[in-house]
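The values are calculated or read from the model by the stated rules, or taken from the named source; none is laboratory data. In this text, all values refer to a predicted model and were calculated from it rather than measured experimentally. Neighbour counts are summed over all protein chains in view; Cβ atoms, including those assigned to glycine, are modelled from backbone coordinates with ideal geometry.
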Amino acid sequence: MTAAPEGAPPGGPDRVRAERFGLLAGVRAGQGDVEVLTQALLHVTAELGGLGGMAHTLVQEIERGLLLVVATGLPPDFLRGWTNVSGESAVAPVRAIQEDAYAFLPDLGRPRLIYGRKPDEPEPAVLPAGAGMAAAPLPGPEGPLGVLSVVLPVSRVPDRGQRAFLQEVARRAGGLLRLAPAGPAGVSPTLLQERGAPAAPEAGQSAPWEWDLRTGSVRKDRRFLEAFGIDRRALDGTLESWGHAMHPEDVPWTTAEMDRALSSRGTFDFEHRMRRADGTYGWIRVQGRVVTDERGEPARVVGTAWNTTQSHAALESVGRALLHMSDGFLSVSGDGRIGFVNAAAERLLGASREMVGRLLWEAPALRDVPGVEERYREAVDRGAPVSFDVPGQGAEQWYGLRLVPIPDGLTVYVTDISERRRREAAERSAAERAALMAGLTRALAESVTSDEVVAAVAGSVLPPFGASGLIVAQLKQDRLHVVGSTGYPRALLDRIHGTPLRAAVARDALRTGTPEFFSSPDEVTARHPEAADLIPGGGKQAGTFLPLIASGRPFGVCVIAFDEPHPFVEDERTVLTALSGLIAQALERAGLYDSATARARELQRVLLPRVLPSLPALTAAARYRPAARGADIGGDWYDLIPLSADRVALVIGDVMGHGLPEAAIMGRLRTAVRTLSDLELPPDDVLARVNDLVADLGEESFTTCLYGVYDPTSRELLYANAGHLPPTVVHPDGTVTPLDRPPDPPLGVAAPPFALHRLVLPGGSLLALYTDGLVERPGHAIDDGMNHLAAILAAALRDSRDGAPEPDALCEAVTAALLPDEQPTPDDAALLIARTHALSEEAMAHWPLPEDPTAAARAREHIRAQLAAWDLEELEMTTELIVSELVGNVIRHASGPVHLRMLRSRTLICEVADASLTTPHIRHPSAMEESGRGLQLVAAMAERWGTRYTGDGKVIWTEQSIPAIALP
C-alpha cells in the first residue's frame with residue numbers, strides 16, 4: 001500500500017485515500033494547470049462519490065466572480081449555468097471563496113451569471129432536486145486563486161475524512177498551479193492562454209493583446225509581430241489597420257465571431273490568416289474574452305495570440321502520412337459528410353468513390369449498421385471520442401470505429417478487430433465455463449443435504465444452458481431412486497422411481513461411465529426404443545444422461561433436458577461432463593450427511609421424553625427445535641417427573657455446545673435428575689448433587705438447569721435455578737409475573753448451596769420453561785425475546801373464549817412466532833409449557849393423631865368417615881389395613897407429632913407424617929418371627945408407596961386405584 005504522504009488530512013487517510021495521494025504526487029507543475037486541475041477533480045469526485053466536478057478561477061475585477069476552466073463528468077447543458085458565476089451567487093463555490101474555507105450546501109441552487117445568456121440560448125439543465133455541492137478554495141500567495149467543487153448525489157454528505165481529503169487536494173493543486181496574479185482583465189493570463197491552447201509556446205511565438213472598445217485602440221506585443229513577420233509600421237494601433245492585414249476571406253466570419261462574443265459578453269477562439277511583410281500569409285490563433293464595466297456593458301477585449309503557421313504547414317505532410325497509414329482513416333465534415341478516405345479505409349470499407357461526399361451513416365459498408373448516426377451525434381455533442389464495433393461483410397469479420405471530434409467535424413479511425421473478437425470470444429467462453437464451474441462448486445460446497453444439492457444444480461446449471469428439466473436419481477441395490485427433480489410431472493417421476501437398472505434408459509451411461517447426449521426425441525428412441533412412451537409424458541425434446549461416479553463406482557444419474565431440440569456443441573459436452581463429477585461428489589457427501597443427521601436426530605429423540613405423562617396437577621406440552629444445519633443435535637432437554645401426592649417435578653436444562661458429546665452428557669444428566677427425583681429430595685439438594693456430577697466431567701463442561709416441584713395441594717412452585725433463564729408465569733387473567741430473581745452459577749462452576757425460591761400459582765396459571773435458543777437472536781437483547789414470549793402467552797389467555805388454550809396449541813404459537821421455519825436458528829431450543837391445576841379443598845382431608853396406641857383406631861375412624869363422604873366405601877377395608885400398619889409403625893419406631901392426610905385425585909393417596917428421619921424398609925423376616933411383615937402387606941395392597949422427607953420429618957405415602965365408576 002502506498003504510504004500516506006506528508007501533509008495528508010488529520011488522522012491519516014485510509015488505504016484508498018493514500019493511493020490517491022500517491023497518484024496525485026506524480027502530477028508536476030510543468031504538466032500545465034489544466035492537467036493539474038483535471039487530475040485533482042477526478043480524484044476528489046471519486047473519493048466523495050460525486051456525480052462530477054468543476055474548477056473555477058477567480059475573476060478579481062467584477063464582483064469577485066468565478067470563471068469555469070475545467071469540468072469532469074457533468075453534462076454541457078448543466079455547465080452552461082456555471083460558466084461565469086457572479087460573486088453574489090448563493091452557491092458553494094462562491095461561499096468557499098468568500099470564507100476562504102471548505103463549504104458544503106445540500107442544494108446546488110441556481111448561480112447568477114456575470115454576463116447572462118443570449119435571448120435564444122436555452123435554460124441550463126438542472127440536476128435532480130436535492131443534489132448538493134462541496135467546495136474548497138485553491139490557495140495562492142495572496143489569497144484564493146480559484147475553487148474546486150464536487151456535485152454530490154441526493155442525501156450524500158461528506159464525512160470528516162472526505163472533507164479533509166478535498167481540502168488537502170485543493171491545497172496541493174493550488175501549490176502546483178502556474179497561475180499568474182489576475183491582471184486587468186480579471187483573469188490569470190496564464191490559465192486563459194492554457195485553456196485549449198498549445199502548451200507553453202516559445203518566446204516570441206505568443207503574446208497578449210488588448211482592444212479598448214471606448215477608444216478603438218489595439219495594443220499588441222512588438223516582439224510577436226516581428227517574429228511573425230508583420231511590418232508593425234503597417235499597423236497604426238487601430239482595429240481597421242489590423243483588418244486590412246487579414247486575408248480578405250477571413251474578415252467576414254471573424255467579424256461575426258467577434259460580434260457574437262460582444263453580444264454575449266463571453267469568450268472566443270478562432271484562427272485566421274495575416275499578410276506578412278513579404279506578401280505571404282501566415283496563420284494566427286486568437287483567443288480571449290470580453291470584459292464589462294460596472295454597468296455590465298462591454299469595455300475591453302483581452303486575449304492571447306499564437307503563431308500557428310507551422311501547424312498548418314504540417315497538415316499537408318500529415319495528410320500524406322494519413323493516406324498510407326496501416327489503419328483506416330476518414331475525415332468527416334461538420335454536417336457528417338465524408339471528405340477523405342485513406343487506402344486502409346478503402347480496403348476495409350470500400351472504394352473512396354463510393355464514400356466521399358456521402359453521409360457517414362449512408363456509406364455502403366455502414367448503411368445497414370444501426371446506431372452510426374446516433375454515435376456521430378453523441379461524439380459531436382459531447383465533444384469526446386466515441387468507440388464502437390461494427391460487423392464486416394464476412395460472418396466473423398468485425399471492425400472497430402473510433403470517432404474523434406475536431407473543430408470542423410470529426411475523424412474516424414477504422415481497425416480490423418476480427419482476430420481480437422475471436423480471441424475475446426474464446427476467452428469469454430472460457431471465462432463463462434470457469435464461472436459456471438466456480439458457481440456450481442460454491443453452491444455444492446454450501447449444500448449439505450440431497451435436496452440442497454438438487455436445488456444447487458437446478459439454480460446453477462439449468463439457466464446457463466437454457467435447460468428446463470432436471471432429474472437426479474441415486475443407484476441403490478441396482479435400482480434408481482429419484483432424489484430430486486424440477487420440470488417434470490409427478491406421474492412420470494413415480495414411474496421412474498425404483499426402476500431396475502437393467503430396465504432404465506440410463507443403464508448404458510451408468511455401465512460405461514460415459515455421458516449420452518440426445519439432440520432430439522428421434523435420437524432417444526433410436527438408441528432406446530423402450531423410452532418412446534416416456535418422452536411424451538416428460539414433454540422434453542432433447543437431453544443428456546450424465547453418469548454420477550463417486551469413489552470409483554456408479555453413484556447415480558443426472559438428467560438435464562430441454563423443451564426444444566438442442567444440438568450439443570463440443571464445448572457444452574465438455575462442461576457437462578466435468579459438472580457430473582462435481583454433482584456426484586456432492587451427492588455422496590450429502591448422503592453421508594443425511595445418514596449422520598438421521599442417526600443424530602434419532603438419538604436426540606431417544607434422549608428426550610417421547611411422551612409427556614398425563615398428570616392431575618398440570619397439563620403440559622413441549623417442543624424441541626434443533627439448531628441450523630451442522631448442529632442438528634445438542635444438549636437442551638426438558639422433563640416432567642411425577643412425584644408423590646400428585647406433585648410434579650419440572651426440569652429444563654442446557655448443556656453448553658452442540659454435537660454428540662453434548663447430547664451424551666445431556667442423557668446422563670437427565671437420568672441423574674430422574675433418579676434423584678425418585679428420592680423425593682428438595683430442588684436445591686437435587687441441583688447440588690447434579691453439580692458434583694457435572695464437575696467430574698471436566699472444566700469445559702457447563703450446564704444450566706432449572707428444577708422445580710409443583711404441589712397442587714398448596715399451589716406452590718418450589719424451584720432452584722443454576723444459571724438458567726427464569727420461568728415465565730402468566731396468571732389466568734393474562735397478567736405476567738416477572739421473576740427477576742438472580743440465578744445461581746451454572747452447574748460445573750457453582751458452589752452449593754443453591755437458593756430455593758417459592759411461588760404460589762393460582763389454578764389455571766401458565767408456566768413456561770425454555771432454553772436461550774428460543775428467545776435469543778443475534779442483534780437483539782435476550783430480554784426482548786423473553787418479553788415477546790410472555791406477551792404471546794398472555795394474549796392467548798386473554799383471547800381464549802372456549803376455555804383456557806391447550807399447552808400444545810400454545811407451544812405451536814410460540815415456536816411459530818419465535819422460531820419461524822424460514823429463519824434457521826443458531827442454537828437448539830427447548831420449550832415446556834404447563835397449565836397448573838389446584839386440588840380442591842373437598843378432595844383433601846387432614847387429621848392430627850395422638851402419639852399412643854389409640855392412634856391407629858382413631859385413624860380408622862377418620863378413614864371410614866372420609867371414604868363414605870367420597871363414596872369410596874369399597875376401599876374402606878384395604879385403606880384401614882394400610883393406614884393401620886403405617887400408623888402402628890410410626891407409634892412403635894418414630895417420634896414427634898403424627899398426622900394423617902388423605903387426597904382424592906386419580907388415585908386415593910394416604911400419607912402418615914412424623915418428626916423422625918428414620919427411613920422404613922421392607923424386611924424379610926424368618927418363618928418363626930411374628931413381626932416385620934407390615935410394610936410387605938402395605939406394598940402388596942397399595943399400587944405405589946414410598947417415603948419423602950420434609951423440613952420437620954418425613955412422610956410415608958401410599959397410592960390406591962379408585963374404581964372407574966367413582967372417578968370424577
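Structural remarks
- Of all residues in segment 867-893, those satisfying the criterion of being over 23 Å from Q936 (Cα atoms) and touching a Ser or Thr at 6+ places or on another chain (Cβ under 9 Å) are L867, L872.
- Residue among G266, G243 that alone is of a type outside the set (A, V, I, L, M) and touching a residue at least 40 places away in the same chain (Cβ under 8 Å): G266
- Hits in segment 140-158 (condition: touching a strand residue (DSSP E or B) at 6+ places or on another chain (Cβ under 7 Å), of a type outside the set (V, I, T) and within 17 Å of R172 (Cβ to Cβ)): P144, L145, G146, L148, S149
- The residues of segment 682-703 that are β-branched (V, I, T) and without any contact (Cβ under 8 Å) to a residue 60 or more places away in the chain, listed by number, are V686, V690, V694.
- So V655, is it modelled with pLDDT under 95, buried (at least 21 other Cβ atoms within 10 Å of the Cβ) and of a type outside the set (K, R): yes
- Segment 446-478, subset closer than 18 Å to Y488 by Cβ and without any contact (Cβ under 8 Å) to a residue 24 or more places away in the chain, residue farthest from the chain's Cα centre (by Cα): P463
- Count of residues meeting criterion [more than 25 Å from G896 (Cβ to Cβ) and either in contact with a Ser or Thr (Cβ under 6 Å, 6 or more places away or on another chain) or surrounded by fewer than 16 Cβ atoms within 10 Å (Cβ to Cβ) (or both)] in segment 843-864: 1
- Checked against the criterion of being in the same structural domain as D636 (by TED's automatic domain parsing), among the polar types (S, T, N, Q) and under 20 Å from I652 (Cβ atoms), the candidates S765, S800 yield just one match: S765.
- Tally, over segment 785-831, of residues that are aliphatic (A, V, I, L, M), closer than 21 Å to G634 by Cβ and in a loop (DSSP other than H, G, I, E, B): 1
- Test: A509 is surrounded by fewer than 18 Cβ atoms within 10 Å (Cβ to Cβ) and modelled with pLDDT of 80 or more: no
- The single condition among (1) assigned to a helix (DSSP H, G or I); (2) under 30 Å from D636 (Cβ atoms) that A834 does not meet is (1).
- Tabulated pairs, segment 500-522, first in contact (Cβ under 8 Å) with a residue 24 or more places away in the chain, second surrounded by fewer than 17 Cβ atoms within 10 Å (Cβ to Cβ) and assigned to a loop (DSSP other than H, G, I, E, B), C-beta under 7 angstrom, 6+ apart or interchain: L501/D478; S519/P565; S519/P567; S520/P565
- When G552, G537 are checked against the criterion of being surrounded by fewer than 18 Cβ atoms within 10 Å (Cβ to Cβ), at pLDDT below 80 and touching a Phe, Trp or Tyr at 6+ places or on another chain (Cβ under 9 Å), G537 stands alone in meeting it.
- Cβ-Cβ contacts under 7 Å between residues 6 or more apart (or on different chains), taken from a first residue in segment 719-734 that is not assigned by TED's automatic domain parsing to the domain that holds W637 to a second residue that is of a type in the set (D, E), are absent.
A quick yes/no check of all residues on (1) more than 29 Å from L697 (Cβ to Cβ); (2) without any contact (Cβ under 8 Å) to a residue 24 or more places away in the chain; (3) out of contact with any strand residue (DSSP E or B) (no Cβ under 8 Å at 6 or more places or on another chain):
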residue	(1), (2), (3)
P753	no, no, yes
A795	yes, no, yes
P807	yes, no, no
P820	yes, yes, yes
L831	no, no, no
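- Exactly one residue out of G357, G371 is over 12 Å from V412 (Cα atoms) and either of a type in the set (F, W, Y) or modelled with pLDDT of 80 or more (or both), and it is G371.
Here's the yes/no breakdown for (1) under 22 Å from A617 (Cα atoms); (2) within 39 Å of the chain's Cα centre (by Cα); (3) buried (at least 18 other Cβ atoms within 10 Å of the Cβ); (4) modelled with pLDDT under 85:
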position	(1), (2), (3), (4)
V690	no, no, yes, no
T704	no, yes, yes, no
G723	no, yes, yes, no
T737	yes, no, no, yes
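- Selection from segment 640-674 of residues that are of a type in the set (D, E, K, R) and in contact (Cβ under 8 Å) with a residue 40 or more places away in the chain: D646, R647, D654, R670
- Residue within segment 585-593 that is out of contact with any helix residue (DSSP H, G or I) (no Cβ under 9 Å at 6 or more places or on another chain), free of Cβ contacts under 8 Å to residues at least 12 places away in the same chain and not β-branched (V, I, T) present: yes
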